[in-house]
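The values are calculated or read from the model by the stated rules, or taken from the named source; none is laboratory data. Note that the structure is a prediction, hence the values are computed from the model and not measured. With ideal geometry, Cβ positions are generated from the backbone for all residues, glycine too; neighbour counts draw on all protein chains shown.
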Amino acid sequence: MILLTSSFVSLANSPGTTDEKPDNTNPPMQKWFPIAPALPQASEPAILVSDVQGLIRALDQAEPGQTILIEDGHYMMPRYVQISADNVTLRGASGQRERVIIDGAKSRHRELLGISACSGVTIADLTIRNIQCNGFKINSETNVQNLTIYNCIIHNIWQRGVKGVKVPKENRDVVRPKNCRIQYCLFYNDRSKRLSDDPADIAKGNYVAGIDVVFAKDWIISDNVFVGIQGRTFEGRGAIFIWHDSQDCVIERNIIIDCDVGLQLGNPHRPGDVEYHCVRFIARNNFITRAPEAGIVTVYTKDCKLLNNTIHDPESKLHRLLRAVFTNDGLLIANNLLSGPGIRNESESKITFLNNLIKDVTDGFIDPARGNLHLKSTSIGAIDKGMVLAAVVDDFDRQRRDAKPDIGADEMIN
């Protein structure tokens with residue numbers, strides 16, 4: 001293992017170096033949130049970095065297959081950095097994601113960490129925070145494939161925690177980002193967005209989301225937690241927002257609490273070269289609590305499935321825990337537990353609705369105020385009332401569903 005560090009050691013008073021102790025981000029964790037299995041021991045060749053200049057140098061000089069291990073600390077970044085070599089792994093050395101903080105508060109740029117023209121990159125076990133635009137920036141037009149973002153904290157990012165940009169029409173099927181994974185990450189903002197966070201905001205303080213990706217194919221977005229992704233007037237984008245001819249993605253076992261929109265599959269804006277935003281998606285076994293714009297919204301989709309999700313917002317002012325808009329050809333909505341006013345169908349398509357429970361189930365959840373939508377044994381309307389679906393064999397906790405499955409994301413195991 002190579003130790004890559006600067007030559008001087010004055011940490012406390014030198015801008016752009018590591019603090020003596022990592023800052024405590026105090027993330028909104030709960031005991032029932034999913035815990036990421038530890039990654040295997042780092043493979044060689046590995047570089048150990050312990051200060052900002054060492055980190056920048058390691059990223060700038062990264063070679064294919066290299067592992068960059070970051071020691072615990074608070075890394076105040078002076079500028080944007082990126083990974084541009086295949087099969088690079090960037091991860092916290094301790095495996096404790098809250099102990100490695102990559103901070104953009106003093107950066108001269110509006111984006112923090114980019115991924116460009118590479119395949120097989122893994123970013124894991126660290127925190128990014130405090131940047132005006134994009135935290136993890138996927139430069140999709142350069143051919144980024146097989147990216148994994150794993151067990152990271154994404155904190156106070158004021159446009160997009162993860163952003164994947166447009167891909168030119170020429171050679172799109174080759175260049176579009178494929179087989180990417182975002183798993184076991186925590187996205188949270190301390191408060192709703194303010195105009196001062198992003199003075200050029202095109203949506204008057206509401207241009208904010210957790211994940212915003214276009215032209216994605218074969219992605220898995222699973223086991224993540226999103227808390228407080230909110231616009232200035234609570235009209236922000238989705239905690240998970242996928243659009244622009246994205247195909248064959250699975251969104252499952254995510255927890256979304258107090259975000260303006262939970263899952264946003266598509267958008268009313270559709271460019272001329274895009275017929276559908278989302279094709280053959282499966283969204284299943286997600287917990288969504290208090291999403292005032294919509295728990296799940298589908299816009300210009302084809303052959304998508306919303307299965308066994310639990311959405312809780314009995315005081316929803318807009319009465320649309322689940323919303324379908326414009327074209328949604330072949331959409332299947334089945335076995336969803338909608339604790340509140342229910343479904344707003346504004347679609348011109350024929351949608352198949354099967355066995356959804358629309359009822360205030362507040363008293364039937366373990367702790368709905370904190371987003372814990374596991375069922376109590378008193379949830380009479382949901383337990384054993386679901387349909388058997390081939391695409392849903394287990395539940396939010398990866399427990400296998402029985403011959404009489406429950407409605408919603410949780411399966412009550414006797």
Can you say whether Arg290 is within 30 Å of Pro405 (Cα to Cα), in the same structural domain as Asn328 (by TED's automatic domain parsing), in contact with a Ser or Thr (Cβ under 6 Å, 6 or more places away or on another chain) and surrounded by fewer than 24 Cβ atoms within 10 Å (Cβ to Cβ), as far as the supplied structure shows? no
Give the number of residues within the stretch 321-331 that are within 23 Å of the chain's Cα centre (by Cα) and among the β-branched types (Val, Ile, Thr). 1
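Per-residue answers, yes or no, for (1) surrounded by fewer than 20 Cβ atoms within 10 Å (Cβ to Cβ); (2) among the polar types (S, T, N, Q); (3) free of Cβ contacts under 8 Å to residues at least 12 places away in the same chain; (4) in contact with a strand residue (DSSP E or B) (Cβ under 9 Å, 6 or more places away or on another chain):
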| position | (1), (2), (3), (4) |
| --- | --- |
| Glu63 | yes, no, no, no |
| Gln66 | no, yes, no, yes |
| Arg97 | no, no, no, yes |
| Arg108 | yes, no, no, no |
| Leu112 | no, no, no, yes |
Considering only residues that are crowded, with 16+ Cβ neighbours inside 10 Å and in a loop (DSSP other than H, G, I, E, B), which ones fall in the stretch 40-59? Ala42, Ser50, Asp51
For the stretch 218-234, what are the residues that are closer than 17 Å to Tyr150 by Cβ and not charged (D, E, K, R)? Trp219, Ile220, Ile221, Ser222, Asn224, Val225, Phe226
Hits in the stretch 167-182 (condition: basic (Lys, Arg) and under 18 Å from Val121 (Cβ atoms)): Arg176, Lys178, Arg181
Which of (1) in a strand (DSSP E or B); (2) in contact with a Leu (Cβ under 8 Å, 6 or more places away or on another chain) does Glu346 not meet, given it meets every other one? (2)
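So which of Asp198, Asp248 is assigned by TED's automatic domain parsing to the domain that holds Asn286, surrounded by fewer than 24 Cβ atoms within 10 Å (Cβ to Cβ) and under 30 Å from Gly272 (Cα atoms)? Before the answer, list the steps.
Values: Asp198 fails: assigned by TED's automatic domain parsing to the domain that holds Asn286.
Testing whether each residue is assigned by TED's automatic domain parsing to the domain that holds Asn286, surrounded by fewer than 24 Cβ atoms within 10 Å (Cβ to Cβ) and under 30 Å from Gly272 (Cα atoms) leaves just Asp248.
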Within the stretch 203-221, is there a residue that is over 16 Å from Ile242 (Cα atoms) and of a type in the set (Gly, Ala, Ser)? yes
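One line per residue, one yes/no per condition, for (1) assigned by TED's automatic domain parsing to the domain that holds Tyr207; (2) in contact with a Gly (Cβ under 8 Å, 6 or more places away or on another chain); (3) within 25 Å of Gly65 (Cα to Cα):
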site: Gln96; (1), (2), (3): yes, no, yes
site: Ser107; (1), (2), (3): yes, no, no
site: Leu112; (1), (2), (3): yes, yes, yes
site: Ile115; (1), (2), (3): yes, no, yes
site: Val167; (1), (2), (3): yes, no, no
For residues in the stretch 347-370 being of a type in the set (Gly, Ala, Ser) and closer than 27 Å to Leu331 by Cα, which is nearest to the chain's Cα centre (by Cα)? Ser347
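Rundown of residues vs (1) free of Cβ contacts under 8 Å to residues at least 40 places away in the same chain; (2) over 21 Å from the mean Cα position of the chain (by Cα); (3) more than 15 Å from His244 (Cβ to Cβ), yes/no style:
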residue	(1), (2), (3)
Arg270	yes, yes, no
Glu275	yes, yes, no
Glu293	no, no, yes
Ile311	no, no, yes
His319	yes, yes, yes
May I ask you to say which residue of Lys169, Lys163 is in contact with an Asp or Glu (Cβ under 8 Å, 6 or more places away or on another chain), within 26 Å of Tyr75 (Cα to Cα), in contact (Cβ under 8 Å) with a residue 40 or more places away in the chain and not polar (S, T, N, Q)? Lys163
State whether the residues of the stretch 167-177 include one that is buried (at least 19 other Cβ atoms within 10 Å of the Cβ) and part of a strand (DSSP E or B). no
Can you find a residue that is small (Gly, Ala, Ser), assigned by TED's automatic domain parsing to the domain that holds Val388 and surrounded by fewer than 21 Cβ atoms within 10 Å (Cβ to Cβ) anywhere in the stretch 316-331? yes
Of the residues that make up the stretch 154-164, is at least one out of contact with any Pro (no Cβ under 6 Å at 6 or more places or on another chain), in a strand (DSSP E or B) and of a type in the set (Phe, Trp, Tyr)? no
Out of everything in the stretch 181-199 that is out of contact with any Phe, Trp or Tyr (no Cβ under 9 Å at 6 or more places or on another chain) and not hydroxyl-bearing (Ser, Thr, Tyr), what residue ends up being nearest to Pro27 (Cα to Cα)? Asp190
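Okay, residues lined up against (1) out of contact with any Leu (no Cβ under 7 Å at 6 or more places or on another chain); (2) surrounded by fewer than 24 Cβ atoms within 10 Å (Cβ to Cβ); (3) modelled with pLDDT of 95 or more:
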site	(1), (2), (3)
Ala209	yes, no, yes
Ser222	yes, yes, yes
Val225	no, no, yes
Gly231	yes, yes, yes
Trp243	yes, no, yes
Arg253	yes, yes, yes
Cys259	yes, no, yes
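Can you go through Asp303, Asp367, Asp363 and tell me which one is on the phi > 0 side of the Ramachandran plot and either surrounded by fewer than 16 Cβ atoms within 10 Å (Cβ to Cβ) or in the same structural domain as Asn254 (by TED's automatic domain parsing) (or both)?
Asp303
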